[in-house]
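The values are calculated or read from the model by the stated rules, or taken from the named source; none is laboratory data. Quantities reported herein were computed from a predicted structural model and do not represent experimental measurements. Cβ placement follows ideal geometry from the backbone for every residue including glycine, while neighbour counts extend to all protein chains displayed.
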Ligand code: PLP
């Protein structure tokens with residue numbers, strides 16, 4: 001006998017993966033230059049040279065037994081110290097090594113938090129649409145419920161009325177992702193202050209902390225000099241889930257962390273619960289070599305300037321064609337409205353133009369489509385005629 005939910009998760013391919021596979025078939029049929037795959041969020045720029053040089057240096061000059069050996073379950077102390085120092089320099093975070101639990105990417109960081117906080121099947125985590133679809137899988141994997149707040153499609157900030165109405169005695173936490181996949185929106189300081197005010201008030205009302213879980217894999221990928229508010233400065237019970245997948249272009253190396261700052265209520269016990277969740281899920285001792293590399297390169301990024309070039313080109317061109325686009329403040333995603341209400345039908349029609357874009361429904365926001373623009377700029381230039389031909393069908 002097998003767990004039906006796991007069989008289901010293991011056999012259903014995501015819409016994004018389906019598109020990706022379709023793209024490969026079309027490439028064989030019409031040639032790579034005629035297929036415009038905007039489906040997947042795999043960084044398109046190489047990791048910085050410092051990653052390679054640090055890796056080579058470590059491989060040549062470290063004791064291989066130690067380098068490839070187990071670290072502490074929560075990550076190597078020297079690596080955690082370097083990461084904490086970097087957070088203190090950049091955000092005046094006031095954190096130390098013992099606030100950090102190193103994980104295999106943000107995915108594991110999120111799962112550790114969700115499992116640490118879920119006490120009963122009635123427990124709820126609030127998520128704002130549009131959202132990264134794996135959140136539902138992770139929340140349900142922790143045996144909790146996801147409560148979805150509909151999107152504010154004008155600005156992709158937060159609909160506070162709906163948010164406040166959704167908080168109940170069962171609300172264990174609120175998951176935010178700014179800069180956001182798929183909308184690219186960055187929460188303004190005003191949004192974060194209001195969010196914090198509501199969470200404080202509601203935590204007092206129910207006599208239990210409502211945790212803010214801030215998922216930040218795109219923190220550094222922002223445009224036009226926008227700053228991303230550092231959440232723990234606004235709300236004490238904040239846990240940060242971070243990843244180097246996007247900033248250092250290292251998604252396959254699986255490195256991230258959970259940060260549990262001291263100001264979190266009963267922070268040592270919360271940290272212990274995160275470590276316990278890591279232990280029970282088998283998320284201990286993240287890859288040792290990349291703990292050292294990411295710690296050494298924590299203040300660097302890949303050359304992410306191409307994402308801003310791509311964003312500017314796409315926003316301008318699509319608007320000229322009549323698409324409605326909310327300008328993203330960061331990430332490498334654009335989330336325009338589809339030209340018909342049925343976003344799945346729209347994206348099917350786009351396939352006739354060899355445009356591979358993802359329906360918004362899977363992100364909890366129908367009537368939109370996600371365009372992943374972490375691709376060479378030249379692919380965007382070549383794709384514009386296809387976007388225009390698609391728009392023309394609706395005129
Ligand atoms: N959260 C969001 C919003 C993401 O977009 C992703 C990956 O695309 C993740 C988490 C998972 O990141 P990681 O590769 O670090 O596990």
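Overview of results
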{"item": "Selection within region 21-45 - surrounded by 15 or more Cβ atoms within 10 Å (Cβ to Cβ) and not in a loop (DSSP other than H, G, I, E, B)", "result": "22, 23, 26, 27, 36, 37"}
{"item": "Residue, farthest from the ligand (Cβ to nearest atom), within region 189-205, restricted to residues that are touching a residue at least 40 places away in the same chain (Cβ under 8 Å) and over 16 Å from residue 166 (Cβ atoms)", "result": "193"}
{"item": "Test set (1) touching a strand residue (DSSP E or B) at 6+ places or on another chain (Cβ under 7 Å); (2) within 16 Å of the ligand (Cβ to nearest atom) - residue 99 fails condition number", "result": "(2)"}
{"item": "Condition check for residue 286: buried (at least 22 other Cβ atoms within 10 Å of the Cβ), within 16 Å of the ligand (Cβ to nearest atom) and part of a loop (DSSP other than H, G, I, E, B)", "result": "yes"}
{"item": "Region 236-274: number of residues that are within 12 Å of the ligand (Cβ to nearest atom) and part of a loop (DSSP other than H, G, I, E, B)", "result": "9"}
{"item": "Looking only at region 220-235, and only at residues there that are part of a loop (DSSP other than H, G, I, E, B) and within 16 Å of the ligand (Cβ to nearest atom), the one that is surrounded by the most Cβ atoms within 10 Å (Cβ to Cβ)", "result": "221"}
{"item": "Hits in region 116-134 (condition: surrounded by 17 or more Cβ atoms within 10 Å (Cβ to Cβ) and under 21 Å from residue 209 (Cα atoms))", "result": "116, 117, 118, 123, 124, 125, 126, 127, 128"}
{"item": "Members of region 6-20 that are assigned to a helix (DSSP H, G or I) and free of Cβ contacts under 8 Å to residues at least 60 places away in the same chain", "result": "6, 7, 8, 10, 11, 17, 18"}
{"item": "Qualifying residue in region 297-305 (condition: in a helix (DSSP H, G or I) and touching a helix residue (DSSP H, G or I) at 6+ places or on another chain (Cβ under 8 Å))", "result": "no"}
{"item": "Residue match in region 46-61 (condition: within 15 Å of the ligand (Cβ to nearest atom) and either buried (at least 16 other Cβ atoms within 10 Å of the Cβ) or within 30 Å of residue 310 (Cα to Cα) (or both))", "result": "yes"}
{"item": "Number of the exception - residue 215 against (1) over 11 Å from the mean Cα position of the chain (by Cα); (2) within 16 Å of the ligand (Cβ to nearest atom)", "result": "(1)"}
{"item": "Pairs with Cβ under 7 Å, 6+ apart, first in region 107-120 and closer than 13 Å to residue 139 by Cβ, second part of a helix (DSSP H, G or I) and within 12 Å of the ligand (Cβ to nearest atom)", "result": "107/134; 110/138; 111/138; 114/138"}
{"item": "Residue in region 79-98 that is surrounded by 14 or more Cβ atoms within 10 Å (Cβ to Cβ), more than 24 Å from residue 264 (Cβ to Cβ) and at pLDDT 95 or above present", "result": "no"}
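For (1) more than 16 Å from the ligand (Cβ to nearest atom); (2) farther than 23 Å from residue 333 by Cβ, each residue gets a yes or a no:
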position	(1), (2)
116	yes, yes
120	yes, yes
125	no, no
141	no, yes
164	yes, yes
176	no, no
207	yes, yes
